[in-house]
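What follows is calculated from the coordinates using simple rules that are stated; it is not laboratory data. The shown structure was predicted, so the numbers you read here are calculated from the model rather than taken from an experiment. Heads up, the Cβs are rebuilt from the backbone with ideal geometry, glycines too, and the neighbour counts pull from every protein chain shown.
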Amino acid sequence: MKNSLVRLVLVVVLLLVIMNTAIAAKKYEGVTIKCMMEPHPTTTALIRLAQEFEEETGAKVILEEVPYEYLPNKALLNFVAKSSEYDVIHNDWLFAGYGYATAGYIEPLDKYISNPALNHYVDLADFSTVLVDSMIVEDQLFGLPLYSDSTFIMYRKDLFEEYGVKVPTSMKEITEAAEALTLDTNGDGKIDLYGISLRAKRGIHMTWTWSGFLVAFGGRYFDENMQPVINSPEAIAGTEFYVNLVRKFCPPGAPNYGWEENRISFEQGNAAFTIDASVNAGFAEDPQKSKIAGKVGYSVIPPEKGYGINLSLHSLFISKFSKNKEAAFEFISWATSKETQLKSLEIEPIPTVTSMTAWSSDIYKEKYHVFMDAHFESVENGNLQYVPKLPETSEITDTITAYIAEAVAGKMTVKEALDEANKAVYQIMKEAGYYDN
Amino acid sequence: MENKKKKRSRKMLLYVLPAVLVLLAISIYPLIRSLILSLYNYNLLRPDRIRFIGLENFGNAFSDTNFWNALKRTAYFTLFGVSIELVLGMLIAMLLNRKFVGKGIVRSLMIVPMILSPVAVGLVWRILYDYDAGMVNYFLSFFGVSQLAWLGNQSTALLSLIATDIWQWTSFCFLVCLAGLENIPQEPFEAARIDGANRFQSFRYLTLPFMKPVLLVVFTLRVIDSVKMFDLVFIMTNGGPGRSTETMNFFIYQTAFKFFHIGRASSYAVIITILMSFTVSLLVKSLKKGGNDLV
């Protein structure tokens, strides 16, 4: 009896030892991968799923959310200090990542992707080529796409029907619909339903919305010689269209609307339709948070001279100063893999996954069938270059939108604003050394 | 004798050394460093173009309308806000400078806004100013004032920030003024009353001169604080709409941490530091005079 007890204890101890060595044998035991992440449903999903990666590799993953507007400055200060604190940075490619790449702050990924010992997940063919190609700088790939938004029209089916307005199929009809639906519904002399809700907060937010109209009307930022042409007749037409909508048919708080404010304004029923990122559709359809779930229709933004649909690209990058680059690579390739994206899709509202496999999955159809057609059509016609791809993008767009805000406030005409903006952009470019030779 | 003195001074040096070291590390070094940086073209996104450019940053600053406008906004915010705070604080202090039941409680309640964190104040006021859900519009509707997007309108945004600042800091002015009022000797007032001075006269010729040094101290402190103000702008409007609430400090922050022109931002900071040192030294000088007048 006693003997068998001793034997049992021995076996248990032996088992424990074996298990322990098995755990110790995991590839990245003791390695910590620290990531600076944008607050986004995708990040929330990764936080919930990271345990799987940790169990598989033994690495510990810390996903730290940093408010979107302050993330680039935190990241840059880390880079400049050559700090190895963060291994992975999650950021917008056009607004931030490209600048990191040209300044030499982030690691090219090609040598990791071509190394079969490290690359278990990356299948570049699973991403849309536009996204991958954009992140190639001087023949090197600098990031893996985590999510990509596009813009489309989200409209209140019930209101459009009630007031007999048809879903806009041209730019002119957007204005007409916005005008027809800016209403005093209860007859107290005050407008309580606004036709359209748009972001108009200076900086990245206004840029996201306004640039769609700029592009649709044929405007652009620079000509072939990198001279700014933001006051061209086309650009003025597009900007006038946008300013007119904001001034006349948007809720009065719109000049301070960023992503969240605009999303909430629409979800609260303040406006009959909005043009914004497709990720908002996931929120709008959530019956627990949204007042308008099930009442929203989706359509592609109609073209004017061309389509003015923006595509954003938010990717994962590896810091040049990371001490665990290999582990970091395995993590970002896991995080952007088909498998992980499919799982993320199940647990969070992410219609903006970048994996084509996830797009065509049943779970995507089940969750997002109401807007997936509009979303896919938008992505197909979407334009990644809604802002210039330069390290100075953030400064350039902030400067332009600050002038447009003056036009929104009625202190300048659109033409005056864009003339000033054009001068200011020229100055920025000159100081950055684009016209040196 | 000589030796002893030397020893003594060496000993004294040892005692002040920690303070000097701390000062060097957290105040003198950054100051010198920002002075140096202000002479460079230093953009974090363009590490290849970092170079010495002399006083170019300063020249550019003075020809930059955005710089001047930011400076004007800061001056407007400071003068407008601080003078109202001072007047209100003084009036409330005079109102409460008497014996009544519950004075202690009233005084404690008055200082609540002051002890709140500016970030919390900013967040709360952002909700109060909200177009649809805000209390400000709700209460104003009783007086027939139509709804306004206080922070979403270029002409009201800065005023709304000033109002919040006044709400928060009037209590500070009140507190210091009350302490000053309580320390004024009563005899001159009695004499004045016997001589037939009315209330306004005794305020004009007695209270005010007695309070002058106190008011100057409050004014100086509030001016310094107000010029430094950053949190309210950051939380409530982020400089917007447009540039309408882009005060100097926010402008510097934006230049340094949004566009990463560290050199240029340093030059702005140097300019504002010089301006502030000048203003404050003027105030302190008149404070000294004011004190001498009285004693």
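Couple of notes before you dig in:
- Here the peptides A:323-331, B:5-13, A:114-122 are ranked by packing, the mean other Cβ count within 10 Å, and the order with the highest first is A:323-331, A:114-122, B:5-13.
- Comparing Cα centroids, the stretch A:217-280 and the stretch A:294-312 end up 13 angstrom apart.
- Rg and Dmax of the stretch A:307-358, both derived from C-alpha coordinates alone, stand at 13.6, 44 Å.
- Greater than 22 Å apart at Cα, pairs in A:34/A:323; B:212/B:285; A:305/A:367; B:99/B:288; A:157/A:289; B:212/B:288: A:305/A:367; B:99/B:288
- With Cα atoms, 0 to 90° folded angle of helix A:233-249 axis to chain A main axis: 90
- Spin-label model, residue B:63 to residue B:192: label points 7 Å out along the Cα-to-beta-carbon direction sit 5.6 nm apart.
- Average beta-carbon neighbours from other chains, 10 Å sphere, peptide A:252-260: 6
- Inter-centroid distance (Cα atoms) of the stretch B:141-219 relative to the stretch A:331-377, Å: 61
- Kirkwood-type radius of chain A, with distances r between different C-alpha atoms, in Å: 23.4
- Looking at the protein assembly as shown alone, DSSP beta bridges between its own residues are antiparallel in about 70 percent of cases.
- Near-label residues of the stretch A:286-304 by backbone N, under 18 Å of a point 7 Å along Cα→Cβ of residue A:166: A:297-304
- Computed from Cα atoms, the angle from the helix A:2-24 axis to the main principal axis of chain A rounds to 40 degrees.
- Among the helices of chain B, those built from whole DSSP H runs whose Cα atoms reach 20 Å or more along their own axis and whose mean Kyte-Doolittle hydropathy is at least -1.0 are B:2-23, B:65-96, B:154-182, B:208-228, B:262-294.
- Residue ranges A:285-292, A:191-198, B:162-169, B:215-222 sort as A:191-198, B:162-169, B:215-222, A:285-292 when ordered by packing (mean number of other C-beta atoms within 10 Å per residue, highest first).
- Placing pseudo-labels 7 Å out from each Cα toward the beta carbon at residue A:190 and residue A:125 gives an inter-label distance of 6.0 nm.
- Across the cross-link table entries A:166/A:415; A:172/A:295; B:228/B:258; A:411/B:72; A:26/A:82; A:27/A:60, which are compared at the Cα atoms, the separations over 21 Å belong to A:166/A:415; A:172/A:295; A:26/A:82.
- Quarter of the Cα convex hull surface for the stretch B:1-127, i.e. its orientation-mean projected area (nm²): 18.1
- Peptide B:57-65 - average C-beta neighbours from other chains (10 Å radius): 1
- Fewest-first ranking of A:113, B:115, using other Cβ atoms within 10 Å as the exposure measure: B:115, A:113
- Rounded to 10°, Cα long-axis angle of helix A:414-431 versus longest principal axis of chain A: 40
- Average projected area [Cα convex hull, the protein assembly as shown], square nanometres: 51.2
- Cβ neighbours within 10 Å from other chains - mean over A:70-77: 3
- More than 16 angstrom apart: percent of Cα pairs within the stretch A:323-437: 73
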